[in-house]
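The values are calculated or read from the model by the stated rules, or taken from the named source; none is laboratory data. If you're wondering where the values come from, they're calculated on a predicted model, not measured in any experiment. FYI the Cβ positions are ideal-geometry reconstructions off the backbone, even for glycines, and counts take in every protein chain you see. Ligands, DNA and RNA are excluded from the accessible area calculation, which covers all protein heavy atoms including side chains. Shrake-Rupley method; radii C 1.70, N 1.55, O 1.52, S 1.80 Å.
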Amino acid sequence: MAYNIQFQVAALVLVIITAVLLLEKRAIRLYLQRDYLFLFVASSFSICFDILSVVAIMNEELIGQTLTHVICKLYLFTIALVACALSQYTYKGGKKGKQMVFWTKAARFLPLVIQVAVLILFPVSVYRSENLVYTYGVCVITTYVVCFIYLTTSFFFSLLYFKNMNRHSCYAIWFLIVAVLMAALIQMLNNEVLLVSLAMGIGMVYMYIKLENPETYIDNETHAFNNYACTEYAERMLREGKPFYVAYMKVEGIRYIKEDFGGYQEKELLWQLAAFLTGVGGSKMPVFRNGFFSFSMFCSNEEKLKETVEQIKKRFSTNWKVGKMQFKLKYRIAYLTDYKLISSAKDLIETLQYFVEYNETEKAVVEVDEEGIARKNKLMETERVLQWAVDNNAVQMYYQPIFSIQEQRITALEALVRIVDEKGQIFMPGDFIPLAEKNGMILPLGNSILKKVCEYWKSGEPQKLGVEYIEVNLSVVQCMQDTLAHGFLKIMQDMEVPPERINLEITETAAIHSEYTLLQNMRTLLRAGSSFALDDYGSGYSGLSNLLKLPLKHIKLDRELVWAYFANEKSAVALRHEIAMLHELGFSIIAEGVEDEHQYQTMKELGVEFIQGYYFSKPLPTKALAEFLENFSYEN
Ligand code: C2E
Ligand code: MG
Ligand code: MG
C-alpha cells in the first residue's frame, strides 16, 4: 500500500468481526450495552473516516479540496466523539442507578461542542507527500486537547467509582485509554505510523470479550438470562423509572427427582421448564434464571403478567414428561404489580425470594403487597440482628428448670436461646431459629450456644445449685453435619466440661432428614458420655421406628400432647398408653408445658419422671435462676 492505511484496515476488520458477534447474539439491551454500542458505533465510524480521509487526501485532485477537508474534519470529530462516548460509558457504569443532573450532562458535552465550533470556524491543514499523509493545525490540536480531556475524565471516573464498577469494566477502560494514548504518542513522534484507529479496534474487541459479550448474561444450562443480567436489567428499569411487572417462580421437588431417578431426568426437566417459560410470554418478555429452580419474568404491563401467571398455572396442572416417566411439579409464584414498592434491584430479588420461600399461606401464587414487604423487612432486620449477635457474642442463654418427681428437686436445666439487640429488644427463638436454619447461621449460632452453656457449667454455679446436667437443643441442620459430634466434643474439651453434663435434644425431623449422619453423630457423642433426649414427642411425625432406632435416654412429651390429655378423652387414652409403652422401652419421660398443680399431679400419677413447665418456672437468665433455685423447695 502506497500510503500507510494497513493499520486502519486491520482495525476495520476487528470491528467488523465484533459487529458480527454482537448481531448474532441475543441481548437484553442493558444500559451498559447501549452505551457500549454507542462507543462501538462511534469507533467504527472513526475508523472508516480515518481510511476515507487518507483516501480523500490521496485523491484530492479528483474530489476537490472542500470535500477532502470535510472528510478530514469529520474524522477529527469522530475521534473526539469516541473519547466522549468512553467517558460517558465510564460515568454511567460507575454511577449505577443514579440519575445524572442536568449541568453534569451539559458539562460533559462542552468540550465536544467547542471542538465542533473550531472545526466549523477554522480550516484543517493537510500534509501530503509521496507516501505520507496527515492533517495538522488548530483543528487537530483542538481534537487532541478534547480527546485528552475526555480520556482523563474517563480515567478519573473509573478511579472515583472503582468500588461501584465491574472490575473487568475498569480494566477494559484503562486498557483502551492506555492503548489510545500510546498510539497517539507514537503517531505524534512518527507520522508514518497511524496507530490510533488500530488501538481503538483492539480496545473494542477487548471490551466486548471482557464485558459486553452477551454470553456474560446467559445461563449456560438453560439459555435463559442469568441472575447477573436480572440485576442489571432491574436496575436499568428502576433508574429509568419505567413501569415493570415481575413474576418470580420457584419450582419445587426437582431435587427429589434427581435423588430418586438421577441427574438426566433433572436436567431434562430443567430444560423443558426453561423452554416453556422463555416461550410463554413471547420474545418481548425476558426470562431470568435466578436460582437453581427459580426463574423471573419481566413484563411491561399488568395484563400480560397476569396472563403469563395463568398460563404457568395451567401448564403446571398437567404432567411433565421425561422419557417414559411423568411428573407433576409443585411451584410457587410471587408477582409484583407495583414496582414503586421496591427500592433497588437487590431489594426486588430479595423481596420476591422472600415471598416464595417464606410464603406462610398454602397458596401457590401470591401477590407482593405492602404488608408482606413489612414482614419481609422485619425478617431482614432479624437476620441482621442474628448476624450481629453471633459476631458480637451477644447470644444470651436462659435456663428452664426440670423437676425430678422422684428426687423432689430441680436436677436439670434446659438451655433456651434468646437474642438481645443493641436497643435491648429480646428476640425469641421462634423468630430466628427457622431463619437461622434456612440461611445456615444455625451452625455458628449452635456453636455459640454450646460455648455459653459450657461457660456457665465451668463457672461452677449449676453444680452448687444441685443441677446435674444441662439440656441443649439441636436443630435439624446441625444434626445433618457430619462434623457436629467432633466440633461439639472439641468445644466441651476446650472448656473442660465433661460430656456427661450435656444432654442433647433432637427432634424426629432430624431422624427423617439425615438418619445416617445423625446416628453417626449420636454414637460418637454417646461414646464420649453425652446422652440424648427426643424433643417435642407427639408434635408431628411420631414414628415408632425412630424410637426403636435412635439411642435415646429421655423422651420429652410435647406440651400440646400434655395439654391434649386434659382436653379430650381420646388423647388421654392415647397418652396413657404411650407413656406405658415408652417406659417399657426403657425411656424416662419429661412432660413439657406443665402449667398448674392439676397438670403436675396428673403427670405424676401417669408415672412421668420429670416435669418442665411454667408451674415451676419460666426460662430464666442465670442471675434470676440462681435466686430462684436458692429459694426453691417443693414437696408434693
Ligand atoms: P423446646 O425445645 O420444646 O423448648 C420448650 C419451649 O417451651 C420453650 O420455648 C419454653 O419457654 C416453652 N415452655 C416451657 N414450659 C412452658 C409452659 O409451661 N407453657 C408454655 N406455654 N410454654 C412453655 P422457647 O424458649 O420460646 O423455645 C421455643 C423453641 O425454640 C424450643 O422448643 C426449641 O425448639 C427452640 N430453641 C430454643 N432454644 C434453642 C437453642 O438453643 N437451639 C436450638 N436449636 N433451638 C432452640
Ligand atoms: Mg427443647
Ligand atoms: Mg420441646
### Summary
Shape call for the range 337-474, from the Cα gyration tensor axes a ≥ b ≥ c (a/c under 1.5 means rounded, otherwise prolate when a/b beats b/c, else oblate), comes out prolate
### Query
How are the Cα pair distances of the chain distributed, in percent, across 10 Å bins from 0?
3, 12, 16, 16, 14, 13, 10, 7, 5, 3, 1, 0, 0
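Quick one: which of 502-515, 149-162 comes out on top by average Cβ neighbours within 10 Å, and what's the full order, highest first?
The most tightly packed comes first, giving 502-515, 149-162.
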### Query
What size of dipole, in debye to the nearest 20, comes out for the range 218-368 about its Cα centre when the only charges are +1 on Lys and Arg C-beta atoms and -1 on Asp and Glu C-beta atoms?
440
### Query
How large is Rg/Rh for the range 469-622, to two decimals, with Cα atoms and a Kirkwood Rh?
0.99
### Task
Could you state the angle between the C-alpha long axis of helix 345-357 and the longest principal axis of the C-alpha atoms of the chain, as a value from 0 to 90 degrees rounded to the nearest 10?
30
#### Entry: Förster radius 45 Å - calculated FRET efficiency between residue 6 and residue 350 (Cβ-Cβ, nearest 0.05)
0.25
### Query
With each label point set 7 Å from Cα along the Cα-Cβ vector, what nm distance links residue 437 and residue 310?
3.9
### Task
Select from 58, 551, 119 the residue farthest towards the positive end of the dipole of the chain; place +1 on Cβ of Lys and Arg, -1 on Cβ of Asp and Glu, and compute about the Cα centre.
58
### Query
Of 633, 479, 400, whose Cα points farthest to the positive end of the dipole of the chain (charges on the beta-carbon: +1 Lys, Arg; -1 Asp, Glu; origin at the Cα centre)?
479
### Query
How far, in degrees from 0 to 90, does helix 167-189 lean away from the longest principal axis of the Cα atoms of the chain, to the nearest 10?
20
### Task
Using only the alpha carbons of the range 218-368, determine the length spanned along each of the three principal axes and report them from longest to shortest in whole angstroms.
48, 33, 24
### Query
With the dipole of the range 6-215 worked out from charges on the C-beta (+1 for Lys and Arg, -1 for Asp and Glu) around the Cα centre, which of 44, 172, 6 lies farthest toward the positive end?
172
### Query
Which trypsin sites (Lys or Arg not before Pro) in the range 242-299 pass both tests, a DSSP loop state and at most 14 other beta-carbon atoms within 10 Å?
284
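Please get the size of the charge dipole for the chain, origin at its Cα centre, with Cβ charges of +1 on Lys and Arg and -1 on Asp and Glu, quoted in debye to the nearest 20. Don't skip to the answer; put the middle values down first.
On the way: 62 positive and 69 negative charges, 508 e Å.
Using only the charged Cβ atoms, the result is roughly 2440 debye.
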### Query
Magnitude of the Cβ-charge dipole of the range 337-397, K/R +1 and D/E -1, about the Cα centre, nearest 20 debye?
160
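What accessible area per residue comes out for the range 280-360, rounded to a whole number of Å², with a 1.4 Å probe?
Using a 1.4 Å probe on heavy atoms only, each residue of the range 280-360 averages 49 Å².
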### Query
Taking the radius of gyration and the Kirkwood hydrodynamic radius from Cα positions alone, what is the Rg/Rh ratio for the range 6-215, to two decimal places?
0.98
### Task
Rounded to the nearest 10 degrees, what's the angle between the helix 196-207 long axis and the longest principal axis of the chain, both from Cα atoms, 0 to 90?
20
### Task
May I ask you to give the percent of accessible area on the chain that is carbon plus sulfur, with a probe radius of 1.4 Å?
58
### Task
Determine, for each peptide in 237-246, 11-20, the mean count of other beta carbons within 10 angstrom over its residues, then list the peptides with the highest first.
11-20, 237-246
### Query
Could you give the accessible area per residue of the range 6-215, probe 1.4 Å, as a whole number in Å²?
49
